[in-house]
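Written out below as structure tokens is the structure these notes cover.
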Amino acid sequence: MKKSFVIIYVFMFSFLNLFANTTTNKQSKEYYLAKDYSYLLEIDDFDKSLMQMHITLYEGYVKNVNMLLNQLNNLDSSSNISKALKKSFAFELDGLKLHELYFDNLKNDIKIDKKSKFFQKIEKEFKNFQAWVDDFTNTGLTRGIGWVILYYDVKEDKMFNAWIDEHQIGHLVGLDRILVMDVWEHAYLTQFGLNRKKYIDTFFNNINWQEVSKRFEKVLKN
Ligand SMILES: [Fe+2]
């Protein structure tokens, strides 16, 4: 994990905790509940310690989102503190949502159905399946911390592999998320070191293709 990121994260966490103690309403509400992802510890290709750390980190996003919402409910929206917290909200909520999409599209021993609408669309859009895998992989090798998302634009019937900076920068407005991959360093560094390519290959070997196909077909129906 980059030293600069650690400093920023510690600062943000301290900032949030500071204002948690200054809000007047002592009643706090849990707007979001962390989902149980303990089953992911059974994926042999990922170290249990790595996955457990990642799940714990996700639970931190849930905690911070709830904390922020409670704080914002007790602040004057015209205040600078409220405005600063709203900037943090995009980071925290997108961090929560992206981790759920990522964990939900992970599972071992799920083979892709080559007769599925998703597979056929990928083959049509990217010439062939491997060409899409290569493009997604290369997008994931972008320097920096972030995410790779396979988006589908149902109106134009187009697919894109997009790079997201941090959690909240670079999202494609109005497009649906079909496959999500975490490429923050915490997602792979303790097991794969700096070999991000090996992590991405391992990710591809453990994608829940049923979930991915379900997401795509749900967009087609709506
Ligand atoms: Fe992550």
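The values are calculated or read from the model by the stated rules, or taken from the named source; none is laboratory data. Everything quoted here is computed from the prediction, not taken from an experiment. Backbone-built Cβ (ideal geometry, glycine too); neighbour counts: all protein chains shown. Ligands, DNA and RNA are excluded from the accessible area calculation, which covers all protein heavy atoms including side chains. Shrake-Rupley method; radii C 1.70, N 1.55, O 1.52, S 1.80 Å.
Brief remarks on what is shown
- Per-selection metrics, region 117-221 (Cα): Rg and Dmax in Å: 13.6, 41
- Per residue, the average separation of C-alpha pairs within less than 8 Å and at least 6 apart gives region 117-221 a relative contact order of 26 percent.
- Projected onto its three principal axes, the C-alpha set of the chain covers 57, 40, 30 Å, listed from the longest axis down.
- Above-threshold pairs, the threshold being 20 Å between Cα atoms, out of LYS127/LYS214; LYS114/LYS214; LYS111/LYS214; LYS155/LYS218; LYS35/LYS97; LYS158/LYS214: LYS127/LYS214
- In this simple spin-label model, placing a label point 7 Å from the Cα along the Cα-to-Cβ direction at both ARG143 and LYS124 gives a separation of 3.9 nm.
- In this structure THR137 has an accessible area near 10 Å², from a 1.4 Å probe over the protein heavy atoms.
- In the context of the full set of protein chains, region 140-204 has a per residue accessible area of 44 Å² (1.4 Å probe).
- Derived scalar couplings ³J(HN,Hα) [region 114-128; Karplus, 6.51 cos²θ - 1.76 cosθ + 1.60; whole Hz; x for Gly, Pro]: 6, 9, 5, 4, 5, 4, 5, 5, 4, 4, 6, 6, 10, 6, 7
- Once the Cβ-Cβ distance of GLU156 and LYS221 is raised to the sixth power relative to R0 = 22 Å, the FRET efficiency obtained is 0.80.
- Across region 47-61, computed HN-Hα scalar couplings (Karplus, 6.51 cos²θ - 1.76 cosθ + 1.60, θ = phi - 60°) run 4, 4, 5, 5, 5, 5, 4, 5, 5, 4, 5, 4, 4, x, 5 Hz from first to last residue, x flagging Gly and Pro.
- Counting 0.36 nm for each residue step from TYR31 to ILE169 and taking away their Cα separation leaves a gain of 47.3 nm.
- Within region 87-124, trypsin sites (Lys or Arg not before Pro) in DSSP loop having at most 12 other beta-carbon neighbours inside 10 Å: LYS111, LYS114, LYS115
- Rolling a 1.4 Å probe over the protein heavy atoms of region 47-184, with every protein chain left in place, gives an accessible area that is 50 percent carbon and sulfur.
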